[in-house]
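The values are calculated or read from the model by the stated rules, or taken from the named source; none is laboratory data. Just so it is clear, the structure is predicted and the values come from calculations on it, not from any experiment. Every residue, glycine among them, receives a Cβ derived from its backbone with ideal geometry; neighbour counts consider all protein chains shown.
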Amino acid sequence: MKKVFELKIRVFTYVKPTEDFDKVKKAVENIYSGEILVFEEKNGYYRIEGFSTDLSSLNKFRELIRVKQIVTATRNYLLKRIKGNTLTILLNKQVAYMKNISLIDSDKESPLGAIWIEIEADNIEDVINWLAPKIQHSL
């Protein structure tokens, strides 16, 4: 992979008053290994958020893609989620808690909301190639 010169990763989700805070935090930790901050919002809501400039903070997410054998499907999803130099990934929060991946297109597809991963990079295609490389199939 080429060196990523400018890289910003933001991972975040909201914890609703009816959710178990520790389970939601664990769901984030299952896919992200960077520093995690907690912010108290209004009406009993919390926001769990992580920021990183190190691609290795997504090693857990990358490894799950391989272990669950969803590299090609993930790659196709990621390629459709690029806007400019930003890649936005939405994951089902409940599925992430179970150390699995369910890629979704809208926050509404996950009953408790999504875990958002926003990656901004000068060479976003290289980030995608690192997360979910193109697989060559032999005949």
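What the table below lists for this structure:
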{"item": "Residue selected from segment 53-67 under the condition touching a Leu at 6+ places or on another chain (Cβ under 9 Å) and within 20 Å of LYS99 (Cβ to Cβ), by the criterion surrounded by the fewest Cβ atoms within 10 Å (Cβ to Cβ)", "result": "ARG62"}
{"item": "Residues of segment 16-63 classified as among the acidic types (Asp, Glu) and touching a strand residue (DSSP E or B) at 6+ places or on another chain (Cβ under 8 Å), total", "result": "6"}
{"item": "Any chance THR74 is in contact with a strand residue (DSSP E or B) (Cβ under 7 Å, 6 or more places away or on another chain) and under 19 Å from LYS99 (Cα atoms)", "result": "yes"}
{"item": "Criterion violated by VAL4 - all others in (1) loosely packed, with under 13 Cβ neighbours inside 10 Å; (2) at pLDDT below 95 satisfied", "result": "(1)"}
{"item": "All positions within segment 93-132 that are part of a loop (DSSP other than H, G, I, E, B) and either among the polar types (S, T, N, Q) or at pLDDT 95 or above (or both)", "result": "MET98, LYS99, ASN100, ILE101, SER102, ASP105, SER106, SER110, ASN123, ALA132"}
{"item": "Per-region count, segment 1-35, residues without any contact (Cβ under 8 Å) to a residue 24 or more places away in the chain and either more than 16 Å from ALA96 (Cα to Cα) or not charged (D, E, K, R) (or both)", "result": "3"}
{"item": "Every residue from segment 40-54 that is more than 19 Å from the chain's Cα centre (by Cα) and either outside any loop (DSSP other than H, G, I, E, B) or on the phi > 0 side of the Ramachandran plot (or both)", "result": "GLU40, ASN43, GLY44"}
{"item": "Test for ILE65: is it hydrophobic (A, V, I, L, M, F, W, C), assigned to a loop (DSSP other than H, G, I, E, B) and modelled with pLDDT of 95 or more", "result": "no"}
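One line per residue, one yes/no per condition, for (1) in a strand (DSSP E or B); (2) loosely packed, with under 15 Cβ neighbours inside 10 Å:
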{"residue": "ARG10", "(1), (2)": "yes, no"}
{"residue": "VAL24", "(1), (2)": "no, no"}
{"residue": "VAL38", "(1), (2)": "yes, yes"}
{"residue": "GLN69", "(1), (2)": "no, yes"}
{"residue": "LEU79", "(1), (2)": "no, yes"}
{"residue": "LEU87", "(1), (2)": "yes, no"}
